[in-house]
Amino acid sequence: MTTPSTDTDEAATSRPAAATEDGTTGAPLLQVRNLRKSFGGITAVDGATFDVDRGTITGLIGPNGAGKSTTFDLVTGVQTPDSGQVIFDGTDTTGWRPHRSANRGLVRTFQIARELDEMTVLENAMLAPRGQLGEQLWRAVLPGVRDEVVKQEERLREQAWETLEFLELDHLAEEYAGGLSGGQRKLLELARVLMLEPEMILLDEPLAGVNPTLETKLLERLHALRDDGYTFLLVEHDMDVIMNHCEPVIVLHQGSVLVEGPPEQVKSDDRVLEAYLGEDV
């Protein structure tokens with residue numbers, strides 16, 4: 001899938017280079033170094049350090065309160081770290097605002113999908129790309145320039161249909177987003193971030209509230225996108241999903257990385273079992 005180019009405050013990024021035999025390419029796409037964040041007297045993230053290689057679905061797990069969502073916030077600019085560094089695709093993006101990180105190719109979803117209920121599914125998808133010419137009133141009304149707006153909108157509409165078809169939402173394209181099920185809302189949120197043509201997507205509990213049929217569909221799409229060159233960092237409480245679909249797996253505990261490695265190694269690590277207080281991981 002491709003999207004039309006748009007004007008941004010950062011240079012457009014290209015699709016990641018072809019993967020090597022082990023599924024990765026060169027230097028890590030994302031490098032997190034000693035991130036720290038406190039709220040009042042509570043430390044939410046305490047020196048978190050890890051890498052995410054290109055072309056992987058990397059799992060990020062940990063007990064409640066381990067700092068997973070806050071780490072996502074720090075990496076994508078929703079929150080500013082007290083200290084530490086975020087390096088994305090070789091560029092220091094520490095403290096960048098979310099729109100700037102998104103323009104660079106780093107985007108995220110949220111635990112609760114944030115669609116616009118009174119717009120159609122297709123309109124929600126088309127709204128995502130930045131730098132649309134029609135957002136500037138003078139471009140939309142001047143003769144000649146208006147033609148450019150119309151052409152770009154046609155390209156966006158075509159791309160949106162392709163994206164919805166890929167996610168099997170095209171049959172709902174003309175329906176209002178407010179009428180979607182929880183699982184369909186998660187798919188629509190993924191469609192919107194795909195319309196930004198990112199290199200890396202951070203998924204915060206994408207399967208929460210999703211029925212088994214849609215869960216299977218979503219996981220199939222994630223693997224297909226990974227095979228197409230996308231990179232994912234996935235927070236999910238369903239350990240079966242993490243262990244069967246992610247590699248490597250990173251375990252956060254009290255804001256720091258406790259263990260990192262292949263699923264089977266992580267699953268059998270005594271420190272992980274202790275962190276989860278004996279829960280089935």
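The values are calculated or read from the model by the stated rules, or taken from the named source; none is laboratory data. Remember, it's a predicted structure, so these values are computed and weren't measured experimentally. With ideal geometry, Cβ positions are generated from the backbone for all residues, glycine too; neighbour counts draw on all protein chains shown. These accessible areas exclude ligands, DNA and RNA; they are computed on the full protein's heavy atoms, side chains included. Shrake-Rupley method; radii C 1.70, N 1.55, O 1.52, S 1.80 Å.
In region 184-214, which residues are free of Cβ contacts under 8 Å to residues at least 60 places away in the same chain and in contact with a Gly (Cβ under 7 Å, 6 or more places away or on another chain)?
The answer is G209, V210, N211, L214.
Among the residues of region 166-180, are any assigned to a helix (DSSP H, G or I) and open to solvent by less than 10 Å² (accessible area, probe 1.4 Å)?
First pass over region 166-180, keeping only residues assigned to a helix (DSSP H, G or I): 166, 170-172, 177-179.
Filter once more, keeping what is open to solvent by less than 10 Å² (accessible area, probe 1.4 Å): 177.
Yes, the conditions are met somewhere in region 166-180.
If we scan region 230-241, do we find a residue that is outside any helix (DSSP H, G or I), surrounded by fewer than 17 Cβ atoms within 10 Å (Cβ to Cβ) and not aliphatic (A, V, I, L, M)?
Yes; the residues of region 230-241 include at least one that is outside any helix (DSSP H, G or I), surrounded by fewer than 17 Cβ atoms within 10 Å (Cβ to Cβ) and not aliphatic (A, V, I, L, M).
Kindly indicate whether any position in region 151-161 is open to solvent by less than 50 Å² (accessible area, probe 1.4 Å), at pLDDT below 75 and either small (G, A, S) or farther than 23 Å from E220 by Cα (or both).
yes
Let me spell it out: the conditions are (1) within 14 Å of E247 (Cα to Cα); (2) hydrophobic (A, V, I, L, M, F, W, C); (3) surrounded by fewer than 22 Cβ atoms within 10 Å (Cβ to Cβ); (4) within 15 Å of the chain's Cα centre (by Cα), and I57 meets all of them except one. Which number is the exception?
Result: I57 fails condition (3) only.
Could you list all residues from region 117-131 that are of a type outside the set (D, E, K, R), open to solvent by 40 Å² or more (accessible area, probe 1.4 Å) and under 21 Å from E205 (Cβ atoms)?
none
In region 213-227, is there at least one residue being open to solvent by 40 Å² or more (accessible area, probe 1.4 Å) and part of a loop (DSSP other than H, G, I, E, B)?
Checked region 213-227: no residue is open to solvent by 40 Å² or more (accessible area, probe 1.4 Å) and part of a loop (DSSP other than H, G, I, E, B).
Look at D89 and say whether it is over 30 Å from D170 (Cβ atoms), crowded, with 18+ Cβ neighbours inside 10 Å and at pLDDT 95 or above.
yes
Restricting to region 23-37, and then to whatever is open to solvent by 50 Å² or more (accessible area, probe 1.4 Å) and modelled with pLDDT of 95 or more, can you tell me which residue is nearest to I87 (Cα to Cα)?
Residue satisfying both the conditions and the ranking: R33.
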